[in-house]
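Scroll down for the structure; my scribbles are underneath it.
The values are calculated or read from the model by the stated rules, or taken from the named source; none is laboratory data. All values derive from a computational prediction rather than experimental measurement. Backbone-built Cβ (ideal geometry, glycine too); neighbour counts: all protein chains shown.
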Amino acid sequence: MDERKAYIKQKLEEIFAELPENVTLLGASKTVPAEYINYAAQCGLKLIGENRVNELLEKYASIDKNLLDIHFIGALQSNKVKYIIDKVSMIHSVDRLSLAEEISRRALAINKVMPVLVEVNIGKEESKSGVMPEDCLEFVKEISKLKGISVQGLMTIPPKCEDKDKNIEFYKKIKQIFIDISRQNVDNVNMRILSAGMSGDWKEAVECGSNLVRIGAGMFGKRDYGANN
């Protein structure tokens, strides 16, 4: 077994040992070759998330889809929706009406309803996409009217914080937004997924209510951005 496979096996064992049963693990597989993605599946991983449309298309045929469910978790341009609409089972990064409309249109064209998560810019950072926290409920209501999508919850990436308590504040805030929207009982909205927490802070996110965590380097090892995938 090569070193990277040994690392993946060890890290998955460690994560599964600590991950609560009600929390889903997503392997953030950006830059990870299909060989190692499939090996992670053999070790028990059931869900991966790809960030880039072109990379997903390059790897798609080689990914073991009998063992793995594929989500799209990166920023998505409306003109690229058509390339992935039949290849992923959820899109995590819906942050504007035009994107939701295009997903709906493309999904309906293949008789599909695409589950989506609304991306929330919980830290109101100019450098990040996502719906502002105060606009989230109205945005959910607006896109819930589209027939080709089904809103399944929220996702967020908080600002990088050295202070763990500050990080926890952001996670508590997104959980409250999640609860508030759930209580509205909006048609075509099933608030079942709160995707928050990554390799360095997933345990804090879970403590605050996240039920889907995205782990990349903490599972697959350091990303190689020069790799030819």
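Taking the condition over 21 Å from PRO115 (Cα atoms), in contact with a strand residue (DSSP E or B) (Cβ under 8 Å, 6 or more places away or on another chain) and β-branched (Val, Ile, Thr), does ILE15 pass?
On the way: over 21 Å from PRO115 (Cα atoms): yes; in contact with a strand residue (DSSP E or B) (Cβ under 8 Å, 6 or more places away or on another chain): yes; β-branched (Val, Ile, Thr): yes.
Yes: the conditions hold for ILE15.
Considering only residues in the stretch 1-20 that are modelled with pLDDT of 95 or more and assigned to a loop (DSSP other than H, G, I, E, B), the one that is surrounded by the fewest Cβ atoms within 10 Å (Cβ to Cβ) turns out to be PRO20. Among the residues of the stretch 185-197, those that are loosely packed, with under 15 Cβ neighbours inside 10 Å and either at pLDDT 95 or above or under 22 Å from VAL213 (Cβ atoms) (or both) comprise ASN190, ARG192. When TYR39 is tested against (1) crowded, with 16+ Cβ neighbours inside 10 Å; (2) in a loop (DSSP other than H, G, I, E, B); (3) not charged (D, E, K, R), exactly one condition is not met: (2).
If I filter the stretch 116-130 for residues that are in contact with a Lys or Arg (Cβ under 7 Å, 6 or more places away or on another chain) and assigned to a loop (DSSP other than H, G, I, E, B), do I get at least one hit? Don't jump to the end; show me each part of the working.
If we filter the stretch 116-130 for residues that are in contact with a Lys or Arg (Cβ under 7 Å, 6 or more places away or on another chain), which is where we start, we get 121-122.
Adding the requirement that they be assigned to a loop (DSSP other than H, G, I, E, B) leaves 121-122.
Yes.
Selection within the stretch 60-78: residues that are over 18 Å from the mean Cα position of the chain (by Cα) and in a helix (DSSP H, G or I). The member of this set that is surrounded by the fewest Cβ atoms within 10 Å (Cβ to Cβ) is ALA61. Residues that are hydroxyl-bearing (Ser, Thr, Tyr) and free of Cβ contacts under 8 Å to residues at least 24 places away in the same chain number at least 1 in none of the strands (runs of 3 or more DSSP E) confined to the stretch 147-229. Annotation note: of VAL81, VAL118, VAL94, VAL53, the sole residue that is under 20 Å from TRP202 (Cα atoms), within 19 Å of the chain's Cα centre (by Cα) and surrounded by 14 or more Cβ atoms within 10 Å (Cβ to Cβ) is VAL118. ASP224 falls short on exactly one of the conditions (1) at positive phi; (2) more than 19 Å from the chain's Cα centre (by Cα), and that condition is (1).
Would you please name the residue that is farthest from LYS9 (Cα to Cα), looking only at residues in the stretch 206-229 that are modelled with pLDDT of 90 or more and small (Gly, Ala, Ser)? That would be GLY209.
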